[in-house]
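Below you'll find the structure, written out as structure tokens, and then a few comments.
The values are calculated or read from the model by the stated rules, or taken from the named source; none is laboratory data. The shown structure was predicted, so the numbers you read here are calculated from the model rather than taken from an experiment. For neighbour counting, all protein chains shown are included, and Cβ atoms are generated from backbone atoms with ideal geometry for every residue, glycine included. Each accessible area value is taken on the protein alone, full model and side chains, heavy atoms only, with ligands, DNA and RNA left out. Shrake-Rupley method; radii C 1.70, N 1.55, O 1.52, S 1.80 Å.
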Amino acid sequence: MKLTIIGSTGSFPGPGSPASCYLLTGHDGTRPWRVLMDLGSGSLGVLQRYMDLKDIDAIFISHLHPDHCMDLCGLHVAVHWDPAGWGRDRVLVYGPSMTGDRMADAYGLPRDPGMTEDFDFRAFKNGETVKVGPFKVTPYDVRHPVEEAFALRVEATEKLYGETKTSVLTYSGDTDSCDGLVEAARDADLFLCEAAFQEGRDDGLDGVHLTGKRAGEAAREAGVHRMLLTHIPVWTDSSVVLQEARDEYEGELAVAVAGVTYGVRSGDRLSEPKTNSMSRIPVSLTEAIRKAGGQRHEVPGQG
């Protein structure tokens with residue numbers, strides 16, 4: 001399983017990264033599968049540097065704050081209004097029970113049908129595992145000021161080089177310290193954990209976010225093999241929360257970097273950020289240019 005950080009800035013997009021969005025890639029022995037954890041503000045554009053939107057196999061939404069889900073509205077447009085037609089099944093979206101209604105409200109649509117022509121909305125239930133391709137995803141209730149907030153434990157069983165291997169990633173979502181977070185992260189190969197708050201600065205706020213210290217405590221208690229800190233807002237110093245976590249956790253530790261791909265089992269950086277605006281020109285755009293009497297010209301590196 002590979003993890004690509006599409007967006008890692010907390011609370012709203014920053015100058016160097018969109019809000020929360022994480023691409024997981026796994027192989028079932030037949031084909032690669034691509035799923036997203038969250039699709040926050042500003043992430044949809046950057047995501048297209050790394051994949052064709054039509055190759056999204058599923059989206060898992062941790063909770064319904066805009067920095068974790070709002071670009072579902074943009075994806076709705078991409079699905080619904082493609083001049084050539086979407087040509088795929090509805091996009092599978094797991095998340096809180098009100099996800100479909102909240103997205104319809106955000107876009108000004110009637111809740112019936114809302115976006116259900118384009119998305120297959122399904123509700124998470126605490127502790128109930130769902131399977132998509134090689135991925136098994138289990139949501140755990142965590143502590144954040146919304147009606148439903150989940151940490152996600154993702155297990156991928158893949159056939160690699162003649163061997164079957166399982167890797168485990170846990171994504172904290174947004175949370176303060178709680179038992180559900182530790183349970184979700186137990187023995188994970190990689191713990192992708194938020195650290196939005198700083199010790200001493202945010203001590204009066206309970207039940208909202210983790211500090212680096214509290215993230216480190218959760219990682220130590222859960223016995224994770226390595227941790228990436230994420231969801232760090234522009235007003236939080238990443239070096240401060242990194243040191244806070246280091247004081248509590250002795251394993252491999254780093255701050256997630258937008259655009260970087262990591263091996264979940266190895267922790268290695270497998271590839272660096274991409275800057276091309278698109279990996280390819282969509283067929284629908286090429287057809288639109290042709291009908292308008294224009295000509296497509298190849299751009300070096302984007303054939």
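Per-residue answers, yes or no, for (1) at pLDDT 95 or above; (2) over 14 Å from the mean Cα position of the chain (by Cα); (3) open to solvent by 50 Å² or more (accessible area, probe 1.4 Å); (4) of a type outside the set (Asp, Glu):
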{"site": "Asp28", "(1), (2), (3), (4)": "no, yes, yes, no"}
{"site": "Arg34", "(1), (2), (3), (4)": "yes, no, yes, yes"}
{"site": "Leu47", "(1), (2), (3), (4)": "yes, no, no, yes"}
{"site": "Lys54", "(1), (2), (3), (4)": "yes, yes, yes, yes"}
{"site": "Ile59", "(1), (2), (3), (4)": "yes, no, no, yes"}
{"site": "His63", "(1), (2), (3), (4)": "yes, no, no, yes"}
{"site": "His68", "(1), (2), (3), (4)": "yes, no, no, yes"}
{"site": "Cys73", "(1), (2), (3), (4)": "yes, yes, no, yes"}
{"site": "Ala78", "(1), (2), (3), (4)": "yes, yes, no, yes"}
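Quick check on region 183-217: of everything there that is among the hydrophobic types (A, V, I, L, M, F, W, C) and open to solvent by 10 Å² or more (accessible area, probe 1.4 Å), which residue is farthest from Gly251 (Cα to Cα)? Give the derivation first.
We begin by selecting, within region 183-217, every residue among the hydrophobic types (A, V, I, L, M, F, W, C); these are 184-185, 188, 190-193, 195-197, 205, 208, 210, 215.
Now narrow it down to the ones that are open to solvent by 10 Å² or more (accessible area, probe 1.4 Å): 197, 205, 208.
Numbers: Phe197: 21, Leu205: 28, Val208: 25 Å.
Only one residue tops the list, namely Leu205.
For Val240, only one of the following conditions fails: (1) part of a strand (DSSP E or B); (2) over 22 Å from the mean Cα position of the chain (by Cα); (3) not charged (D, E, K, R). What is its number?
(1)
Are any residues in region 158-182 surrounded by fewer than 17 Cβ atoms within 10 Å (Cβ to Cβ) and at pLDDT 95 or above, and if so, which ones?
Thr166, Asp179, listed by residue number.
Testing Gly42 on (1) on the phi < 0 side of the Ramachandran plot; (2) open to solvent by 30 Å² or more (accessible area, probe 1.4 Å); (3) under 14 Å from the mean Cα position of the chain (by Cα), one condition comes back false. Which one is that?
Of everything listed in (1) on the phi < 0 side of the Ramachandran plot; (2) open to solvent by 30 Å² or more (accessible area, probe 1.4 Å); (3) under 14 Å from the mean Cα position of the chain (by Cα), Gly42 misses just condition (1).
Do we have Asp105 as open to solvent by 30 Å² or more (accessible area, probe 1.4 Å), of a type outside the set (Gly, Ala, Ser) and outside any strand (DSSP E or B) here?
Working: open to solvent by 30 Å² or more (accessible area, probe 1.4 Å): yes; of a type outside the set (Gly, Ala, Ser): yes; outside any strand (DSSP E or B): yes.
Criteria met by Asp105.
Does at least one position in region 156-165 carry a residue that is of a type in the set (Gly, Ala, Ser) and touching a helix residue (DSSP H, G or I) at 6+ places or on another chain (Cβ under 9 Å)? Show your work before the answer.
Here is the first cut: in region 156-165, the ones of a type in the set (Gly, Ala, Ser) are 156, 162.
Of the ones still in play, those that are also touching a helix residue (DSSP H, G or I) at 6+ places or on another chain (Cβ under 9 Å) are none.
Taking every residue of region 156-165 in turn, none turns out to be of a type in the set (Gly, Ala, Ser) and touching a helix residue (DSSP H, G or I) at 6+ places or on another chain (Cβ under 9 Å).
Return the residues of region 118-145 that are open to solvent by 40 Å² or more (accessible area, probe 1.4 Å) and either of a type in the set (Val, Ile, Thr) or assigned to a strand (DSSP E or B) (or both); say none if nothing qualifies. Break it down into steps so the answer makes sense when it comes.
Of all residues in region 118-145, those open to solvent by 40 Å² or more (accessible area, probe 1.4 Å) come to 121-123, 125-129, 131, 136, 141, 143, 145.
Passing the criteria: Phe121, Arg122, Ala123, Thr129, Lys131, Lys136, Asp141, Arg143.
Any chance you could count how many residues in region 87-102 are in contact with a helix residue (DSSP H, G or I) (Cβ under 9 Å, 6 or more places away or on another chain), open to solvent by less than 30 Å² (accessible area, probe 1.4 Å) and not hydroxyl-bearing (Ser, Thr, Tyr)?
4
I'm trying to understand the selection: among the residues of region 131-170, which are closer than 21 Å to Ser266 by Cβ and polar (S, T, N, Q)?
Answer for region 131-170, where residues must be closer than 21 Å to Ser266 by Cβ and polar (S, T, N, Q): Thr157, Thr164, Thr166, Ser167, Thr170.
Against the conditions (1) of a type in the set (Phe, Trp, Tyr); (2) in contact (Cβ under 8 Å) with a residue 12 or more places away in the chain; (3) farther than 23 Å from Ile61 by Cβ, where does Tyr161 fall short? Just the number, please.
The single condition Tyr161 does not satisfy is (2).
From the residues in region 243-272 that are without any contact (Cβ under 8 Å) to a residue 40 or more places away in the chain, part of a loop (DSSP other than H, G, I, E, B) and open to solvent by 40 Å² or more (accessible area, probe 1.4 Å), which one is nearest to Thr166 (Cα to Cα)?
Selected residue: Ser266.
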